[in-house]
Amino acid sequence: MKKKYQYQYIFSKKSRFIALILCVMFGVFGLHYFYVRRYWRGALNLFLLLALTIASSVFGIYYIRFTFGPTQGIFVHWREAIAVICAAILGITWILDILRIEQGKFRDDKGLFLK
């Protein structure tokens, strides 16, 4: 006779609703990762946001300087590329995190699904 196994999932004590609100409102800062105690991933989001901010501001300053200065039409392409890459990574991971939290596939620091 075969036994029917019943799978029982253990869920985290962290709320999926709160993680979703944090992700939607403050996702680029990585607050939803800090909420579920995944500090390295939250720090990575903060680092990417800082790199995006610095690259954008530096590129903007150089763009204004070279556009209105004596040498017009000179672009600093590598600063623009850094800003675009950081923005793309932040935007894509933000959307994917919202979808993962909404579908219930987001995990906390112990690998448990949020309740």
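The values are calculated or read from the model by the stated rules, or taken from the named source; none is laboratory data. Since the model is a prediction, treat every value here as computed from it, not as a measurement. In this analysis, Cβ positions are derived from the backbone assuming ideal geometry, glycine residues included, and neighbour counts consider all displayed protein chains. Remember, those area values only see protein heavy atoms, side chains included, never the ligands or the DNA or RNA. Shrake-Rupley method; radii C 1.70, N 1.55, O 1.52, S 1.80 Å.
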One residue is enough: does region 47-65 have a residue meeting the conditions open to solvent by less than 50 Å² (accessible area, probe 1.4 Å), modelled with pLDDT under 90, within 11 Å of the chain's Cα centre (by Cα) and not hydroxyl-bearing (S, T, Y)? yes
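Tell me which residues, restricted to region 90-115, are assigned to a helix (DSSP H, G or I), open to solvent by 70 Å² or more (accessible area, probe 1.4 Å) and in contact (Cβ under 8 Å) with a residue 40 or more places away in the chain. Quick ask: steps written out before the conclusion?
Taking region 90-115 as the starting set, the residues that turn out to be assigned to a helix (DSSP H, G or I) are 90-103.
Now drop any that are not open to solvent by 70 Å² or more (accessible area, probe 1.4 Å), which leaves 92, 94-96, 99-100, 102-103.
Result: W94, E102.
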